Amino acid sequence: MSLTLHRSLAAGRWQELTLVEQLANIGSEVSRALRARAAGNEPRSAAALDRALELFDLTLADARWQGRRRELARAREIVVQHFFSATWGDDESLDGYFLPFAAAIATRHETASSRG
């Protein structure tokens, strides 16, 4: 039995987020894992990677993205390969994959706050 790291998200809150929001959250955890690994903090890196993979799994289980599961599963696979294969790309490329999702959320929040 696996430990649920994001209890409130697993309880259904995750399905309230858009795909962009879900991927931005996954990207935040991947970025934390990369930064911790670069700083030599393997326990913190492993914990962030575990959280990222759990969020990937919640996204893959979200029925709204049924037509995108192959793409999402491939992104999850690339993250795993990056952390466990010495020959798989560089940290900047992986971090860069998720950056547009975070930027889209930031833009959305800036637009909403300028209206209010």
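Miscellaneous remarks
- Largest-first principal axis extents of the Cα set of segment 17-115 (Å): 44, 31, 21
- Relative exposure of Arg32, Arg69, judged by other C-beta atoms within 10 Å (fewest first): Arg69, Arg32
No value in this document is a laboratory result; all are computed from the given coordinates. Quick caveat, the model's predicted, so the values are computed rather than measured. Note: ideal-geometry Cβ built from the backbone for every residue, glycine included; neighbour counts use all protein chains shown.
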